[in-house]
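The values are calculated or read from the model by the stated rules, or taken from the named source; none is laboratory data. All of these numbers come straight from a predicted model, not from anything done at the bench. Cβ coordinates were reconstructed from backbone atoms using ideal geometry, including for glycine residues, and neighbour counts include every protein chain displayed.
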Amino acid sequence: MTAKIRELESLLDNVAKIHAGDAITGTLFYTLFQGEADADLMNTACFDVFALGNHEFDDGDATLVKFLDVLGSDQTCDTTTIAANVIPAVGTPLAPVTANDYIQPYVIKEFQGQKVAFIGIDIADKTRFSSQPLPTTQFLDEVETAQAYVDALSAMGIDNIVLVTHYGYKNDLALAQAVTGVDAIIGGDSHTLLGNLGQYGLPSAGDYPTLTTNADGDPVCVAQAWQYAQVVGELAVTFREGKVDTCGGTPHLLLGDAFERNRQPITEPERIEILGLIDADPDLGVVTPDPTAEAILAAYADQVDELSQEVIGEAGEVICERRVPTEPRGSAPCDGDAVSLSGAQLDVNGGFSQQVVTDAFLARAFRADLALQNGGGVRITIPEGEITIGTAYTLLPFSNTLVELELSGQEVLDSIEDGLAFYASNPGGNTGAFPYGSRIRWNIDMNQAKGARISAVEVKDRSTRIWSPLDPAETYIVVTNSFLANGGDGYATFKAAADDGRVTDTFINYAQGFVDYLVQDLGGGDLFVPLPEDFSTQSFEPLP
């Protein structure tokens, strides 16, 4: 990514390098180095603007400060961190003296004598409930905050406005239409791929950029650059008299020059033919890694490799990740209505990797009757073949432990409904709250009101393995992750039980629980997708 950014910077005029959030967590690099590796690599690209995302708060405000300190330690790089709707309390790590010690609401850049303002917007509810910020850190309404700062900048005579949001593609389109004076939005959070890459099996949600209008009826350019450093977005905007005059761009998919088919290297002359096809498509490009960035990465990677290469099991098939059954994510074969070897269906039963992980949690919580967890806590598709410790900690990258809660059957029902309600409150941004369970199954109808969305709820006895209706009056031991037990992702019933003292923290890191499941329960053998009747979601009616 650094190489591509530097290449574009050398070819273009009036460049602003923008990062739209979620720079940290999600890999072993963060688990081991707590943001230091991420910041050092970001500094090789030297972003002008960095907007906070929800995952910046996964380990609290103090850990975020450590990352921002490293990000700001490179004197040759001047990255401004922005988030207009994030207000830390003075005296806390993010605001030791003033609310703007670490976070600015906006930054103003000048190009050819014209000022352009970049306003930061973080996704409020998701960050508040799906991460772990301090209770004193405020997250203000996204639309109201954006409009307030557009108005303030307009009063200063600045009418070229770019919102840098970590808010989700669909939310960005709605935000554009709700706010006056906005000209462009660079977004993140929803991992949305835009552009014309469908011919390569990569699902696109819209044009790059997507053109819409603001509340004044003036044009707005909306762009997002997919996920995991796989695309560098090049958005070209010209302004005339405070409005967008032209707008275009390219999502550059970053490729190497070696190719495989069924894990076998592709050789000449086919390799040369593939390189020719890549060269003919402006959206594709072979990129040689930047040597400075590569050297910095190597120093960290050597340490990570020692841990991550140990093989702990084998995936007997591709185990697709998906949060909500009818909302595809990722690449083929997981971007369609994939069916596992067992007959489970992504668009009916939901994510295969989500279900496997939930089963692993239950297996390692020896007194639990069932497991419940959030789909967003599981981050990747498990490829067919060797599973390593690195795979496990990439699959489950957060600092969570396995926690047991003592719940009534009614509270179990209420907890599932909590997750569905949080998802329904913002289906474009809260997909991570969607519930998964082990030894419990249900039917879901999202067209119903909260409290009536699940039906035919059954639990499977751990000893007899017989399914029977869940008893609202019975007491169940439920294993979940510590994030949900603390009320994350809207799971208020979990938090109430924990606050009531009906909680036991096993202090087993949840990724380690998955490792132990593969090594001890499966004996390092093959991992397959469960039978469809053992999935938590048996049928699913989506939101209208």
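Summary table
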| item | result |
| --- | --- |
| Those residues of the range 97-122 which are at pLDDT 95 or above, over 29 Å from the mean Cα position of the chain (by Cα) and part of a loop (DSSP other than H, G, I, E, B), in sequence order | Val97, Thr98 |
| Candidate set: the range 1-31, residues that are touching a helix residue (DSSP H, G or I) at 6+ places or on another chain (Cβ under 6 Å) and in a helix (DSSP H, G or I); chosen: the one nearest to Phe398 (Cα to Cα) | Thr31 |
| Some residue of the range 532-544 being crowded, with 17+ Cβ neighbours inside 10 Å and assigned to a helix (DSSP H, G or I) | yes |
| So Ala392, is it closer than 30 Å to Phe57 by Cα and over 18 Å from the mean Cα position of the chain (by Cα) | no |
| Flag for Ser331 being of a type in the set (S, T, N, Q), over 22 Å from the mean Cα position of the chain (by Cα), over 17 Å from Tyr393 (Cα atoms) and in a loop (DSSP other than H, G, I, E, B) | no |
| Lone qualifier among Val86, Val116 - being of a type in the set (A, V, I, L, M) and out of contact with any Pro (no Cβ under 9 Å at 6 or more places or on another chain) | Val116 |
| Candidate set from the range 441-457 (those that are within 21 Å of Asp534 (Cα to Cα) and of a type in the set (Lys, Arg)); member that is surrounded by the most Cβ atoms within 10 Å (Cβ to Cβ) | Arg441 |
| Answer residue from the range 358-389, given it is part of a helix (DSSP H, G or I) and closer than 21 Å to Leu32 by Cβ and is farthest from the chain's Cα centre (by Cα) among those | Ile389 |
| Members of the range 256-283 that are hydrophobic (A, V, I, L, M, F, W, C) and either touching a residue at least 40 places away in the same chain (Cβ under 8 Å) or out of contact with any Leu (no Cβ under 7 Å at 6 or more places or on another chain) (or both) | Ala258, Phe259, Ile266, Ile272, Ile274, Leu275, Leu277, Ala280 |
| Odd one out for Ala124 among (1) within 25 Å of Val304 (Cα to Cα); (2) free of Cβ contacts under 8 Å to residues at least 60 places away in the same chain | (1) |
| Output for the range 48-78, where each listed residue is hydrophobic (A, V, I, L, M, F, W, C) and either within 18 Å of Thr25 (Cβ to Cβ) or buried (at least 24 other Cβ atoms within 10 Å of the Cβ) (or both) | Phe50, Ala51, Leu52, Phe57, Ala62, Leu64, Val65, Phe67, Leu68, Val70, Leu71 |
| Residue in the range 142-158 that is of a type in the set (A, V, I, L, M, F, W, C) and touching a Ser or Thr at 6+ places or on another chain (Cβ under 6 Å) present | no |
| Condition broken by Gly523, with the remaining ones in (1) at pLDDT below 95; (2) not in a loop (DSSP other than H, G, I, E, B) satisfied | (2) |
| Residue that is modelled with pLDDT of 95 or more, exposed (fewer than 14 other Cβ atoms within 10 Å of the Cβ) and either among the hydrophobic types (A, V, I, L, M, F, W, C) or in contact with a helix residue (DSSP H, G or I) (Cβ under 9 Å, 6 or more places away or on another chain) (or both), where the choices are Pro269, Pro265 | Pro265 |
| Qualifying residue in the range 58-73 (condition: in contact with a strand residue (DSSP E or B) (Cβ under 7 Å, 6 or more places away or on another chain), outside the structural domain of Phe483 (by TED's automatic domain parsing) and under 16 Å from Pro135 (Cα atoms)) | yes |
| Single residue of the range 185-234 satisfying the filter (polar (S, T, N, Q) and within 13 Å of the chain's Cα centre (by Cα)) that is modelled with the highest pLDDT | Thr192 |
| Top-ranked residue of the range 7-20 - restricted to ones that are charged (D, E, K, R) and over 17 Å from Pro282 (Cα atoms), ranked as surrounded by the fewest Cβ atoms within 10 Å (Cβ to Cβ) | Asp13 |
| Of residues in the range 316-367 being aliphatic (A, V, I, L, M), at pLDDT below 95 and closer than 15 Å to Ser438 by Cα, the one surrounded by the most Cβ atoms within 10 Å (Cβ to Cβ) | Ala365 |
| Pairs with Cβ under 6 Å, 6+ apart, first in the range 418-440 and over 20 Å from Asp534 (Cα atoms), second β-branched (Val, Ile, Thr) | Asp418/Thr493; Gly429/Ile123; Thr431/Val324 |
| Matching option when the condition is modelled with pLDDT under 95, of a type outside the set (D, E, K, R), touching a Ser or Thr at 6+ places or on another chain (Cβ under 8 Å) and over 16 Å from Asp414 (Cα atoms), among Asn481, Asn509 | Asn509 |
| Complete set of residues in the range 461-500 that are assigned to a strand (DSSP E or B), of a type outside the set (A, V, I, L, M) and surrounded by 18 or more Cβ atoms within 10 Å (Cβ to Cβ) | Tyr476, Thr480, Asn481 |
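Here is a yes/no grid of residues against (1) assigned to a helix (DSSP H, G or I); (2) surrounded by fewer than 17 Cβ atoms within 10 Å (Cβ to Cβ):
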position	(1), (2)
Arg128	yes, no
Glu144	yes, yes
Gln147	yes, no
Leu153	yes, no
Thr165	no, no
Asp172	yes, no
